[in-house]
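Down below is the structure, laid out as structure tokens.
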Amino acid sequence: MAELSTLESLLEMGFGRNRAERAVANTGNQGIERAMDWLMEHEGDPDIDEPYVPPVGNTLGGPVGDQASPAQPTVADTAEGTEVVDMEQEIQDGDTRRPMTEEEKREQVKRLEELMRLKQEERRGRERAEEVEREKQRRKHGQELLQIKQKLQDDELKKMADLRRREKMEDKLAKQRVKDKIARDREERAQKFGGGSPQGAESTSSPPPPQPSPSSPVGGLGPPPTTKKEYEECRIQVRLLDGSALTAVFKAQEPLAAVRVYVQMNGNTPEGQDFTLLSPYPRQVYTELDMEKPLKELGLVPAAVLVVTKK
């Protein structure tokens, strides 16, 4: 059966002449399959439908300098070598070509359309696989970014915890220095004011002087009066709505609002849930005005238990 040329086959399949001529010229007239591949790859080119002007010295359907002998037909190979599309065969001894019948044309066009459909399905499958791979890469990059963000948050929390531990240690050392100084002052006062009378200063016959009672020291003798201990820190235990508890140490001069902020950040209170604090014994519900008062003024030093309650 005689076959259509590449250009005629593309025209029979419905491609415009400008597109068909460009496809044949750009593939070097190497077969219908090469031409269809080129059309699918370049269907979005802006000049695809403009009239094709072949370069000087080149003829449509063949590379530059290709001079085929009239007595020798031209054969084009397909892209994969699976199909050979013969060019227009010429009858030797100057005979004219045998024209194809309409049935032969329809059969060849049908075969070429089936080949075109297979090519398009292969291309769509390749595009779907590439899209799946791009989605995998996007999800992988998203997970990596999430891990980096989580690591940064963990590092920030660790720094804050280390800073708070250092502050507590410094406060503890400062408190110990104050205690040591108070102890030294007491020893110095005891040595200065608590010594006995010199030997031989009193007669052996005179009775010993009455010892002053501890409650009423005479002349500054005896131990100094006790003073109320001043606390610099306060240990607060907070019972949450679900029955769990949080325990933290605060400065005695910090406001009660600091405790509420700590509960908001570390407790399991639902986001947006408004709550307040109360002291169970003696029972006292703290108001917004109380939130600005220091813990020491509210009587929560050195330790206290508070309960979270809904407003």
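Any read-out appearing in this document is the output of simple, stated calculations on the displayed coordinates, not a laboratory observation. Keep in mind it's a predicted model, so treat the numbers as computed, not measured. Neighbour counts are summed over all protein chains in view; Cβ atoms, including those assigned to glycine, are modelled from backbone coordinates with ideal geometry.
The R111 and I48 beta-carbon pair, evaluated with R₀ = 25 Å, returns a calculated FRET efficiency of approximately 0.50. Peptide packing for 17-30, 156-169 was compared via the average number of neighbouring C-beta atoms within 10 Å per residue; ordered from the highest value, the list is 17-30, 156-169. Bridge orientation summary for the stretch 233-310: considering DSSP beta bridges with both residues in this region, about 75 percent are antiparallel.
Mind checking the full-extension length gain between V178 and E121? Use 0.36 nm per residue of separation minus the Cα-Cα distance, one decimal, nm.
Using 0.36 nm per residue and subtracting the Cα-Cα distance, I get 12.0 nm.
Here's the list of lysines a cross-link from K149 could span, going by alpha-carbon distance under 24 Å and ignoring same-chain residues fewer than 8 apart: K136, K140, K158, K159.
Charged side chains reduced to their Cβ positions (Lys and Arg at +1, Asp and Glu at -1) give the stretch 233-310 a dipole of some 240 debye around its Cα centre.
Residues whose amide H comes within less than 5 Å of that of A303, counting only those at least five positions distant or on another chain, are R235 (H built at 1.01 Å from N in the peptide plane). Pairs exceeding a 27 Å alpha-carbon distance, out of K192/K251; K168/K229; K179/K296; K192/K229; K151/K310: K192/K251; K151/K310.
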